[in-house]
Each structure stands twice: as structure tokens, then as C-alpha cells.
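This report concerns only the one structure given below.
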Amino acid sequence: MKRLALSLLAVSCLAASAQALAQPEFDQVEKGRYLATLGDCAACHTAEPSKPFAGGVELKTPFGSLVGANITPDKETGLGNWTYDDFRRTMSEGIGHGGKRLYGAMPFTAYTKVSDEDNRAIWAYLQTLAPVKQHVETNQLPFPFSVRTSLIGWNWLNFDKGQYQPDMSKSAEWNRGAYIVQGLGHCGTCHTPKNILGGDKNDQFLQGAEVENWWAPNITAANHDGIGRWSVQDIKDYLRTGMNRYDIASGPMAEEVKNSSQHWNDGDLQAVAVYLKSLKQDNEQPPAPLKPEEAQMVTGKAIYFDRCSACHTSSGKGVQHIFPQLADSPLLNAKEPVSLMRVVLAGSRGVDTPERPTAPAMPAFAATMTDSQIADVLTYVRNSWGNAAPAVSASDVQKMREKLKE
């Protein structure tokens, strides 16, 4: 009996020992799962929900199309034959397995700031995915952009390699926010204007850019067209639920909330909000709004009260969490009305989250409004209720209408 008890004790000790050894690996995989979500890897690498991370998402760039790669552990079509060093080099240098140089659509210019510890966690998580055999032709660019050796020059001009270095004059919270925004969150990929080669204009970091016929707005603390009037809580609400008292996410940002930021922990949401609020810039003097008696304003006002005010209200205040506020709106003040034209022409649907399960929708008006009518009503809302922005022309709307047919 005593021998049996000792045997059971030994088995118990061995099991506990094995569990203790296994726990760090489990923790690393779970950390990697969270970081892969934080970095929104699914946005480019999951085309079909039934095949997570098997690639196939088309990314339209000004130079042609690229397609997200298969990053499951499949040996023939995924990362099955890669080593951790291959993965690390992809993230930090933009050079993949076999020395293949990657295009900037894979945001290694931001991922280079990710720590080795976090890269190892993501790599550990990717090894746990079910292998999916799916060949993806990632490079669909036309000649000469399809020639990867040209990326040597591109990197020399547009890429600074190196992990994130904390600013010791700032708090740990601020540095965590900066690490996420500049690194794994790769916010600049959409929100930073690009040069003629597609590289970031770093002197205009996060000040707004056009992405696939949407406007990724200024997310610095600029008051007129940025998020200067948003509180830290407003930013957290927007990232967690896709909406706040000022705005409702649509287009690619709605997808980001759905796939990524709604799952961030509260500490990371807070850190990102604190960091973004710190990005004050020397605000330019906002333009004066167009005068109410100008022709476009008169026509636009009539159209607004006929077609828009039932939802957005006569004062442009909207209805919180249902119809976006138009008054004092940074997006309406953006220098480019890209998203506004797109939403009026093609309509849009916001994101649904557990906290806000009803995704608000905007109907399309392409079939019932002319280019001139859309230009006039957008000019009116961009110059009413505290807003001030350049007029929208009918030719701008016509160009967007043609783009949406492509």
C-alpha cells in the first residue's frame, strides 16, 4: 500500500513538473495569438474564414495588386519550411525565406520595431495553426514593379531598420502606446501620407492618407481635422466598439475594429489613446467656412434638408451610436473628401461588436443623385455647424463614381 502511495505521489509530481514545463510554452502561444490579433494579421492573410491565415487577400496599390501570403505551417505553400530566423528577418528586414525581398504592403517598415520576444511569441502561435495547402501568387504587379531587385533601392530610400527604443522621458504607458502604434499596430501604413514611391512621409506621420478610395483620417491631436477634440475615452470607445460620440467606423477601419482592436485589452487601448493624444502638431489656421449665400451652399442646404436631415438631424448632430454626427467633425474637415464621396455614392455599413451589436448603415445614392447634387450637399455639410473645408466639385464626384466601377 505504501509502495502504491509513493508511486501515485511520484506520478503526481511528474505531472506537476510536466505542467510547469509546459506552461511557459502555452503562455507564449497565447501571447502570440493576442499579438497576431493586435497586429491584425488576418486583414491581409485571411480571405476565407474557413481557412484562417491561408492568404489570398488582394491588396490594391497605386502600382498594381499584391496578395497576402499563406502563413499557415503548410510545407508546400505556407511557412512549413521556414525557420524562426526566416520569420524574424521577414518582420524586421522585409526579407523572407530564401532571401526574397518583400514589398512595403507587408508593413515591415513598422514591424521592424517589434521586439524579438514578441516575434518569437507570434512565431510560436503560427506553428499551432492548422496547415492549409493553398498556393498564393503574391506578386501580381506589372513590369517593372514586379522586379524585386528594385526593392534594394526602395529600402535604401524608405526603410529604417531597428527595434523600438523607449523614450525614457515618457511614461511606461506612453511608450507602450508608441510601441503599438509605430510597430505591430502599423497605424502609419494607412494614416501616413505616401511619397511617389509609396514610402511613408515621416514628417507627416499619421496626418491622413488615401487608401483604396477611402480616406484614413488624421489621427494626431490636431483640433480641426484630427482627434484633438476626442478624449482618451472617446478613442478607446472607437477602437473597442467602432463608434463614439463623434464618429462611426466604416470601410477598412470597420474591418480593423472587427478583426483586431475590439479584442485589445484595456491597458493597450488606454496606452494607444494616451500616445495618440500626445501627438500634438502645430495646427495650421483652419480655413474660413464658405459663406451661406454662395450658390453651392444654397443648393446643398436644400438637398440636405430633403435627403439627409431625417437621420443626421437639422443641426447635424445625428443620433448617437446610430447616425453619425456631422457637426464639428474632423472627417468632414479633412482636406480630401474621399470617404464622404464614396459613402454617399456607394453607401456603407458600420461594424457590429458585442457591445454595439447593431451595425448602422448608410444607403447608396449613386442611382438617385447626380454628381452636382452630391458635390453640393457635401460642400454644404463641410461648411456648416463648425466645419470648414474646401468645396467639392462635380468632377471629383464623377471621378470617384468611375473608380467605384473598377
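Residue by residue, here is whether (1) within 25 Å of Arg349 (Cα to Cα); (2) charged (D, E, K, R); (3) crowded, with 23+ Cβ neighbours inside 10 Å; (4) not assigned by the TED database to the domain that holds Leu332 holds:
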residue	(1), (2), (3), (4)
Trp214	yes, no, no, yes
Asn223	no, no, no, yes
Gly228	no, no, no, yes
Arg245	yes, yes, no, yes
Ser250	yes, no, yes, yes
Query raised in the report: Do any residues in region 122-140 that are under 16 Å from Lys75 (Cα atoms) and outside the structural domain of Gly185 (by the TED database) have Cβ atoms under 7 Å from those of residues that are surrounded by fewer than 14 Cβ atoms within 10 Å (Cβ to Cβ) and hydroxyl-bearing (Ser, Thr, Tyr), where the two are at least six apart or on different chains, and which pairs are they?
Result: Trp123/Tyr84
Report task. Please tell me if Ala110 is buried (at least 19 other Cβ atoms within 10 Å of the Cβ) and assigned to a helix (DSSP H, G or I). Result -> yes
Query raised in the report: Would you pick out the residues in region 102-138 that are among the aliphatic types (A, V, I, L, M) and more than 18 Å from Gly198 (Cα to Cα)?
Result: Val114, Ala121, Ile122, Ala124, Leu126, Leu129, Ala130, Val132, Val136
Report task. Output the qualifying pairs, or none if there are none: Cβ atoms under 6 angstrom, residues six or more apart or on different chains, first residue in region 311-324 and closer than 16 Å to Met243 by Cα, second residue part of a helix (DSSP H, G or I) and open to solvent by 40 Å² or more (accessible area, probe 1.4 Å). Result -> Phe323/Cys311
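Does region 390-399 include one or more residues that are touching a Phe, Trp or Tyr at 6+ places or on another chain (Cβ under 9 Å) and open to solvent by 50 Å² or more (accessible area, probe 1.4 Å)? Let's see the steps before the verdict.
Initial filter on region 390-399 (touching a Phe, Trp or Tyr at 6+ places or on another chain (Cβ under 9 Å)): none.
There is no residue in region 390-399 that is touching a Phe, Trp or Tyr at 6+ places or on another chain (Cβ under 9 Å) and open to solvent by 50 Å² or more (accessible area, probe 1.4 Å).
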Requested in this report: From Glu255, Glu294, grab the single residue that is open to solvent by 50 Å² or more (accessible area, probe 1.4 Å), charged (D, E, K, R) and at pLDDT below 95.
Outcome: Glu255
Query raised in the report: Among the residues of region 102-131 satisfying the criterion of being in contact with a Gly (Cβ under 7 Å, 6 or more places away or on another chain) and β-branched (Val, Ile, Thr), which is farthest from Asp40 (Cα to Cα)?
Result: Thr112
Query raised in the report: Of everything in region 362-382 that's aliphatic (A, V, I, L, M) and either in a loop (DSSP other than H, G, I, E, B) or within 20 Å of the chain's Cα centre (by Cα) (or both), which residue is nearest to Gly251 (Cα to Cα)?
Result: Ala364
Query raised in the report: Since Gly199 meets every condition but one in (1) outside the structural domain of Arg382 (by the TED database); (2) farther than 22 Å from Met106 by Cα, which condition does it not meet?
Result: (2)
Query - Hey, Val343 modelled with pLDDT of 95 or more, part of a helix (DSSP H, G or I) and open to solvent by 20 Å² or more (accessible area, probe 1.4 Å) or not - result: yes
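Only one of Asn155, Asn223, Asn218, Asn119 is under 30 Å from Ala288 (Cβ atoms), more than 18 Å from the chain's Cα centre (by Cα) and either part of a helix (DSSP H, G or I) or of a type in the set (S, T, N, Q) (or both); which?
Result of the check over Asn155, Asn223, Asn218, Asn119: Asn223.
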**Report entry** Scan of region 194-213 for residues that are on the phi < 0 side of the Ramachandran plot and of a type outside the set (Asp, Glu), ordered by number
**Finding:** Lys194, Asn195, Ile196, Leu197, Gly199, Lys201, Asn202, Gln204, Phe205, Gln207, Ala209, Val211
Query - Selection within region 131-152 - closer than 18 Å to Ile95 by Cα, open to solvent by 60 Å² or more (accessible area, probe 1.4 Å) and part of a loop (DSSP other than H, G, I, E, B) - result: Glu137, Phe145, Thr149
**Report entry** Hits in region 153-165 - residues which are surrounded by fewer than 16 Cβ atoms within 10 Å (Cβ to Cβ) and not hydrophobic (A, V, I, L, M, F, W, C)
**Finding:** Gly153, Asp160, Lys161, Gly162, Gln163, Gln165
Report task. Mind listing whichever residues of region 312-340 are open to solvent by 20 Å² or more (accessible area, probe 1.4 Å), touching a helix residue (DSSP H, G or I) at 6+ places or on another chain (Cβ under 6 Å) and assigned to a loop (DSSP other than H, G, I, E, B)? Result -> Leu326
Query - Matching residues, region 68-82, being open to solvent by 20 Å² or more (accessible area, probe 1.4 Å) and either touching a helix residue (DSSP H, G or I) at 6+ places or on another chain (Cβ under 9 Å) or not assigned by the TED database to the domain that holds Lys133 (or both) - result: Ala69, Ile71, Pro73, Asn81, Trp82
Query raised in the report: Is there a residue in region 361-376 that is under 18 Å from Tyr246 (Cα atoms) and in contact with a Gly (Cβ under 8 Å, 6 or more places away or on another chain)?
Result: yes
Report task. Could you grab me the full set of residues in region 363-389 that are without any contact (Cβ under 8 Å) to a residue 40 or more places away in the chain, under 22 Å from Glu212 (Cβ atoms), among the hydrophobic types (A, V, I, L, M, F, W, C) and open to solvent by 20 Å² or more (accessible area, probe 1.4 Å)? Result -> Ala364, Ala366
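The values are calculated or read from the model by the stated rules, or taken from the named source; none is laboratory data. Computed from a predicted model, the values in this text were never measured in an experiment. Counting neighbours? That spans all protein chains shown, and the Cβs are built from the backbone with ideal geometry, glycine included. Accessible surface is based on the protein model in full, side chains and every heavy atom, while ligands, DNA and RNA are left aside. Shrake-Rupley method; radii C 1.70, N 1.55, O 1.52, S 1.80 Å.
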